[in-house]
Amino acid sequence: MDAKIIATRPFDGQRPGTSGLRKKVKVFRQPGYLENFVQAIFDTRADLKGGVLVLGGDGRYYNRHAIQIILRMAAANGMSKVLVGQGGILSTPAASCVIRKYRTQGGIILSASHNPGGPDADFGIKFNTPNGGPAPETVTEAIYARTGELDSYRTLEAADLDLDRLGEVKLGDMTVAIIDPVADYADLMESLFDFTAMRRLFDSGAFKMRFDAMHAVTGPYAIEILENRIGAMPGTVMNGKPLEDFGKGHPDPNLAHAKELVAMTKGADGLDFAAASDGDGDRNMILGKDCFVTPSDSLAILAANAHLIPGYQDGIAGIARSMPTSQAADRVAEALGITCFETPTGWKFFGNLLDAGRITLCGEESFGTGSDHVREKDGLWAVLFWLNLLAARKQPVARIVREHWHGFGRNYYTRHDYEAMDAQAAGDLMDHVRRLLPDLPGTKLGDYRVEYADDFAYTDPIDGSRSGGQGLRIGLEGGSRIIYRLSGTGTQGATLRVYLEFFEPDAARHNWETQAAMRPLILVARELAQIEARTGRTEPDVIT
Ligand code: VG1
Ligand code: CO
């Protein structure tokens with residue numbers, strides 16, 4: 001089979017955002033659009049020629065079609081082998097696991113994560129480097145630059161392959177191996193956590209749990225690990241069948257989009273433990289009876305208790321959190337005598353720290369937690385970590401959280417999202433706040449004295465690369481903060497995220513309802529940015 005060279009033209013706007021290139025399916029369907037981006041990856045990553053690539057996605061609409069296109073292009077571009085998850089399925093953390101385990105030259109993950117799926121919804125693609133992590137900015141920028149120059153791509157004329165049959169087939173000179181998408185990942189989880197202790201928890205009969213896969217990719221992983229390997233009751237995994245449109249849901253595990261699950265945790269008969277993951281399986285939401293664990297607290301609690309978990313019993317080297325994530329983890333790091341790094345939003349900024357052994361755990365406020373076991377955030381891993389913790393401490397979730405606050409203080413935390421805003425208005429709003437920053441330190445916002453205010457920039461301590469414009473950060477006396485940032489994953493207009501954090505050391509004041517406790521800070525943040533005056537929005541679309 002000879003490679004065919006197809007003439008094409010550059011497309012505008014193929015710059016990857018926080019996590020890869022995300023657009024409407026309609027955009028990806030334009031002839032040559034996906035092909036251009038893929039050719040740009042292949043042109044930029046010379047070692048793929050003759051090398052091995054991992055390929056899979058979250059199973060959303062267009063996933064299978066895109067995989068066939070990419071396989072033909074990989075063959076025409078001289079790859080020796082592609083490992084594809086059966087049915088085109090690979091969760092983001094499982095892809096990272098497979099890339100690392102088989103020492104491949106990287107992977108392509110097809111996902112728009114928590115964004116809805118279907119013909120009128122979203123699709124996405126990202127490249128992960130041989131360490132298993134999302135490509136750093138130097139790589140995504142090189143790929144982007146190449147998308148602007150391309151005038152052709154390479155492919156083969158060949159029929160679609162059967163993605164459902166395990167085993168190896170040839171496509172031209174290239175081998176396509178259809179692999180079990182779950183096994184390697186499940187083995188890795190079994191090597192980190194005490195499955196026997198968790199099994200005892202379920203065997204007691206008194207422990208009720210549900211995991212909501214939201215009709216996204218984690219269903220098969222959760223069924224294999226929780227039900228088959230650990231022995232949780234069949235039916236513990238809800239919405240476990242991956243669907244191309246996620247059952248028309250929004251596969252985003254938060255209080256707004258996983259309402260049904262949240263309701264099941266309420267009251268005397270409420271579940272003891274509930275969790276959910278997102279479209280591509282890298283996010284997690286943790287709930288206990290009448291208790292929601294904020295992701296920022298979750299990171300801090302996991303760090304403080306890591307020694308109780310087999311995979312981390314020797315302690316952790318360091319922690320990293322994204323800038324908008326609450327500072328709860330910082331105090332745990334201080335107590336443990338280790339460093340807590342503050343990085344820009346997006347998992348790609350954790351990669352170098354993990355590779356260098358500077359950190360063991362990392363997390364983001366956006367329901368992302370992970371460790372050095374892979375190079376992506378990992379939803380099921382976080383769920384298993386919590387389950388292992390519940391088995392080890394033999395205490396309810398709420399008790400563990402409360403004791404943590406008692407020891408370290410509580411960081412009340414909320415994020416307000418204003419979605420699908422006019423991009424110009426959102427940009428102007430950010431410019432307005434940016435202009436105010438230099439004069440803020442020393443002044444008062446409501447009752448809060450400003451300690452510092454800046455446009456967050458990060459210098460990677462390992463390779464010295466610098467990333468600016470990562471969010472506007474206002475630090476207030478007593479450890480509270482207001483942060484404004486525009487989303488880099490949306491596909492429609494702009495999304496403004498306002499992140500608010502309020503530190504309360506006094507245990508007598510740890511019982512307030514979050515929104516009520518944070519009201520004064522919320523109002524200050526709205527006023528400072530003139531949100532209503534500039535955008536007409538009086539309330540956010542999503543509050544987490
Ligand atoms: C959001 C989150 C960010 C996360 C990113 C990818 O980005 O805020 O913390 O890393 O999604 O997560 P943004 O730019 O929209 O704020 V996922 O689960 O989409 O891979
Ligand atoms: Co995700």
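The values are calculated or read from the model by the stated rules, or taken from the named source; none is laboratory data. All values derive from a computational prediction rather than experimental measurement. Neighbour counts run over all protein chains shown; Cβ positions are idealised from the backbone, glycine included. Keep in mind that these areas ignore ligands, DNA and RNA; they rest on the heavy atoms of the full protein, side chains included. Shrake-Rupley method; radii C 1.70, N 1.55, O 1.52, S 1.80 Å.
Pop a pseudo-label 7 angstrom from the Cα along the beta-carbon direction at both A423 and Q313 and give the gap in nm to one decimal.
5.3
Work out how much length R15 to E149 would gain on full extension: take 0.36 nm times their residue separation and subtract the Cα-Cα distance, in nm to one decimal.
Working: separation 134, 0.36 × 134 = 48.24 nm, distance 1.31 nm.
Roughly 46.9 nm would be gained on extension.
Once label points are set 7 Å from the Cα along Cα→Cβ at both L166 and E334, what is their separation, rounded to one decimal in nm?
Label at L166, label at E334, 5.1 nm between them.
State the percentage of accessible surface on region 181-241 attributable to carbon and sulfur atoms; use a 1.4 Å probe and exclude ligands, DNA and RNA.
So the carbon and sulfur contribution to the accessible surface is 52 percent.
With the other protein chains left in place, how much accessible area per residue, in square angstrom, belongs to the chain at a 1.4 angstrom probe? Write down the numbers at each step before the final one.
On the way: 20290 Å² over 544 residues.
Ligands and nucleic acids excluded, the figure is 37 Å² per residue.
Counting other Cβ atoms within 10 Å, keep those with at most 13, restrict to DSSP loop, and tell me which trypsin sites (Lys or Arg not before Pro) in region 351-439 are left.
K394
When the distances between all Cα atoms of region 282-362 are binned every 5 Å from zero, what whole-number percent does each bin get?
3, 16, 25, 26, 20, 8, 2, 0
If I stretch the segment between D47 and A177 completely, what's the gain in nm (0.36 nm per residue apart, minus their alpha carbon distance), one decimal?
Residue separation times 0.36 nm, minus the Cα-Cα distance, leaves 44.9 nm.
Taking the radius of gyration and the Kirkwood hydrodynamic radius from Cα positions alone, what is the Rg/Rh ratio for the chain, to two decimal places?
Details: Rg = 22.9 Å, Rh = 23.8 Å.
Here Rg/Rh amounts to 0.96.
Using a Förster radius of 41 Å, what is the FRET efficiency between E527 and T138 based on their Cβ-Cβ separation? Nearest 0.05, please.
0.55
Helix-only mean residue ellipticity at 222 nm, the chain, DSSP H runs n ≥ 4 weighted -39,500 (n - 2.57), per residue, nearest 500. What is it?
-9000 deg cm²/dmol
Percent relative contact order of the chain, based on C-alpha pairs within less than 8 angstrom and at least six residues apart? Walk me through the numbers before you get to the answer.
On the way: 1227 pairs, mean separation 72.4, N = 544.
For the chain, the relative contact order is 13 percent.
How high is the relative contact order of region 96-199, given as a whole-number percent (alpha carbon pairs under 8 Å, six or more residues apart)?
19 percent.
Per 0.36 nm of contour for each residue apart, how much would the distance between D120 and I69 grow if the chain were fully extended, relative to their Cα-Cα spacing?
So the extension gain works out to 16.3 nm.
Mind pulling the per residue volume of the convex hull built on the Cα atoms of region 209-271? Å³ is fine.
76
In the structure shown, do any of K81/K126; K49/K170; K26/K126; K208/K377; K126/K248 have a Cα-Cα gap over 22 Å, and if so which?
Going by Cα-Cα distance, K208/K377; K126/K248 fall outside the 22 Å limit.
With the cut-off at 27 Å, report for region 143-279 the share of all Cα pairs above it, as a whole percent.
Every Cα pair in region 143-279 considered, those over 27 Å come to 43 percent.
How would D120, D378 line up by accessible area, probe 1.4 Å, largest first? It would help to have the intermediate numbers written out before the result.
Details: D120 110, D378 0 Å².
Sorted by accessible area, descending: D120, D378.
Just grab the label-to-label distance for R229 and S204, each label 7 Å out from Cα along the Cβ direction, in nm (one decimal).
2.3
Indicate the helices, whole DSSP H runs only, in the chain that combine a mean Kyte-Doolittle hydropathy of 1.0 or more with a Cα extent along their long axis of 18 angstrom or more.
Numbers: long enough: 63-76 (20 Å, 0.51); 379-393 (21 Å, 1.41); 423-436 (20 Å, -0.29); 514-528 (21 Å, 0.61).
Qualifying helices, which must be both long enough and hydrophobic enough, are 379-393.
Using DSSP to call loops (not H, G, I, E or B), can you name the chymotrypsin sites (Phe, Trp or Tyr not before Pro) in region 89-131 whose Cβ has at most 16 other Cβ atoms within 10 angstrom?
Y102
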